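Asker: Mind looking over this structure? Questions follow.
The values are calculated or read from the model by the stated rules, or taken from the named source; none is laboratory data. All values reported here derive from a predicted model rather than from experimental measurement. Positions of Cβ are backbone-derived with ideal geometry, glycine not excepted, and every protein chain shown enters the neighbour counts.
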Amino acid sequence: MKLAPRGALILALAFPACYDFHTVGPEDAPVLRVPATVAVSVVYTRPSACVNVSSSCEGPVRFTASWMAIGSSVLMYQSTAHIWTATVYDVPVNYPGGQPHHVYAVDPYLVDTPTGGVSADRLYVGDQKIVRIENPGGTREQGLILIDANGQGRNPPQ
């Protein structure tokens, strides 16, 4: 009977040392960082007159960006005579430190031009005018933009 209290004391002192299974170890899954997304306003200013000779000028302006699935676009709506607008949701935040998004509009007024209707000129994304354009004047014309956590556009550094 004298051993029982002594054995219980030894177990009581040794038990906290075994309580070591709450530490972070290789069996824990890594924390996944989901990129933040925001809603962004897009505004495109259409030329005052259609420049097409053989193609129809009918149809809406469409907006496309690198974060969208290939082949998808957003339909823009005419708000005034030559202004087309849209709100794009789930835009990944890439400012600061991210790669710029590639953006452009497809305008039926410009189908017969060398760009084939693609334009990054006259485009505002997140209230920021696109000033950096890759492949200007060609069918692969694309503007570059950074989007901050407030949905505001920022021009990437030169």
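Asker: What's the total number of residues in the stretch 76-110 that are in a strand (DSSP E or B) and either more than 16 Å from the chain's Cα centre (by Cα) or among the aliphatic types (A, V, I, L, M) (or both)?
Answerer: Going through the stretch 76-110, the residues in a strand (DSSP E or B) turn out to be 77-78, 83-92, 101-106.
Right, trim to either more than 16 Å from the chain's Cα centre (by Cα) or among the aliphatic types (A, V, I, L, M) (or both) and you get 77-78, 83-86, 88, 91, 103, 105-106.
Residues that pass the stated criteria total 11.
Asker: Filter the stretch 95-109 for residues that are modelled with pLDDT of 90 or more and in contact with a strand residue (DSSP E or B) (Cβ under 6 Å, 6 or more places away or on another chain); which is surrounded by the most Cβ atoms within 10 Å (Cβ to Cβ)?
Answerer: Quick first cut of the stretch 95-109, residues modelled with pLDDT of 90 or more only: 99-109.
Narrowing the set further to residues that are in contact with a strand residue (DSSP E or B) (Cβ under 6 Å, 6 or more places away or on another chain) leaves 100-107.
Details: 100: 20, 101: 24, 102: 17, 103: 25, 104: 27, 105: 30, 106: 20, 107: 27.
Out of the qualifying residues, it is 105.
Asker: Would you confirm whether or not the stretch 111-126 contains a residue that is aromatic (Phe, Trp, Tyr), at pLDDT 90 or above and assigned to a strand (DSSP E or B)? Walk me through how you get there before you give the answer.
Answerer: Filtering the stretch 111-126 down to residues aromatic (Phe, Trp, Tyr) leaves 124.
So of that shortlist, the ones also at pLDDT 90 or above come out as 124.
Right, trim to assigned to a strand (DSSP E or B) and you get 124.
Among the residues of the stretch 111-126, at least one is aromatic (Phe, Trp, Tyr), at pLDDT 90 or above and assigned to a strand (DSSP E or B), which makes the answer yes.
Asker: I'd like to verify a number: residues in the stretch 34-55 that are hydroxyl-bearing (Ser, Thr, Tyr) and in contact with a strand residue (DSSP E or B) (Cβ under 7 Å, 6 or more places away or on another chain), how many?
Answerer: If we filter the stretch 34-55 for residues that are hydroxyl-bearing (Ser, Thr, Tyr), which is where we start, we get 37, 41, 44-45, 48, 54-55.
Narrowing the set further to residues that are in contact with a strand residue (DSSP E or B) (Cβ under 7 Å, 6 or more places away or on another chain) leaves 37, 41, 44-45.
Of the residues in the stretch 34-55, 4 are hydroxyl-bearing (Ser, Thr, Tyr) and in contact with a strand residue (DSSP E or B) (Cβ under 7 Å, 6 or more places away or on another chain).
Asker: Only one of 41, 73 is within 17 Å of the chain's Cα centre (by Cα), small (Gly, Ala, Ser) and at pLDDT 95 or above. Can you tell me which?
Answerer: Numbers: 73 fails: at pLDDT 95 or above.
Of 41, 73, the one residue that is within 17 Å of the chain's Cα centre (by Cα), small (Gly, Ala, Ser) and at pLDDT 95 or above is 41.
Asker: So, one more: Which one of these does residue 126 not meet: (1) under 19 Å from residue 60 (Cβ atoms); (2) crowded, with 21+ Cβ neighbours inside 10 Å?
Answerer: The failed condition is (1).
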